[in-house]
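Written below as structure tokens is the structure these notes are about.
The values are calculated or read from the model by the stated rules, or taken from the named source; none is laboratory data. None of these values were measured; they are calculated from a predicted model. We place every Cβ from the backbone using ideal geometry, glycine too, and count neighbours over all the protein chains shown. The protein model used for the area step is the full one, side chains on, heavy atoms only, and it has no ligands, DNA or RNA in it. Shrake-Rupley method; radii C 1.70, N 1.55, O 1.52, S 1.80 Å.
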Amino acid sequence: MAPCTGRSRLPDSVQTGPHDHLAALIARRARGEFRKPVAAFSAAAFASFTRTCDPARALIVDSGCGVGESTRHLAERFADHFVLGVDQSSDRLSRAPALPGNALLLRADMTDIWLLLQRHACRPARQYMLYPNPWPKIGQLARRWPAHPVFPVVLELGGIIECRSNWRIYVEEFALAARLIAGLEAGVENFTTDAPETPFERKYLASGHTLYRCVLNAGAAS
């Protein structure tokens, strides 16, 4: 893709649509269960979540929350929910803003947290993937969340799941993977906002990028 004028460049990829190998990769992985061991630091972080969260409140998961700006926005917008922001970088989390009492940030492996939520039958009402690393090189498919072996767990957890990116193909792969894995149908739409919720969203808008999102309903939390 050609660079966009401004402070940020668009993802550079030879792909012109969803990866040719995505469907085959999903079909191959469907024959086995994802059994990644949970890292000790992730387990400890999850334990702090179970001690802190209010079980009477519906849960929102902000995956890869970075500096926690999106977590704060979500906690303010959904004041009657409990918002869990997760990122693996202690440096990013150290720059987080003050959060409302209905939010918590964890330093943990996001894959581990999804697995632990599944094992503890914690079903989010909403899940957010806001501008994940697109890994746009054609050989990086398996690093993208829609192609990752944990993605069926994300869909099984349920709730309203929203993915945003400045690379349309990433969001198209998200929608395609949801359909192939769980039969969930959702479209890809252009997205804009006057109130950016993440530093990436603010930077991409300032750079003139078109933003895309897919919002799917993976089943109500119980």
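Looking only at region 7-66, residues that are part of a loop (DSSP other than H, G, I, E, B), among the β-branched types (Val, Ile, Thr) and within 30 Å of Tyr204 (Cβ to Cβ) come to 2 in all. The test for being surrounded by 16 or more Cβ atoms within 10 Å (Cβ to Cβ), in contact (Cβ under 8 Å) with a residue 60 or more places away in the chain and within 16 Å of the chain's Cα centre (by Cα) does not hold for Ile160. Considering only residues that are open to solvent by less than 40 Å² (accessible area, probe 1.4 Å) and either among the aliphatic types (A, V, I, L, M) or part of a loop (DSSP other than H, G, I, E, B) (or both), which ones fall in region 82-93? Correct list: Val83, Leu84, Val86, Ser89, Leu93.
So which residues in region 106-141 are assigned to a helix (DSSP H, G or I) and either more than 27 Å from Arg168 (Cβ to Cβ) or open to solvent by 50 Å² or more (accessible area, probe 1.4 Å) (or both)? Within region 106-141, Asp112, Ile113, Leu115, Leu116, Leu117, Gln118, Arg119, Ile138, Gly139 meet the criteria.
Comparison of Ala96, Ala79 shows that the only residue that is in contact with a helix residue (DSSP H, G or I) (Cβ under 9 Å, 6 or more places away or on another chain), more than 29 Å from Leu180 (Cα to Cα), surrounded by fewer than 23 Cβ atoms within 10 Å (Cβ to Cβ) and of a type in the set (Gly, Ala, Ser) is Ala96. Taken across region 111-133, residues that are of a type in the set (Gly, Ala, Ser) and over 15 Å from the mean Cα position of the chain (by Cα) do occur, with at least one present.
Can we say Leu74 is closer than 15 Å to Arg126 by Cβ and touching a residue at least 60 places away in the same chain (Cβ under 8 Å)? It is true that Leu74 is closer than 15 Å to Arg126 by Cβ and touching a residue at least 60 places away in the same chain (Cβ under 8 Å).
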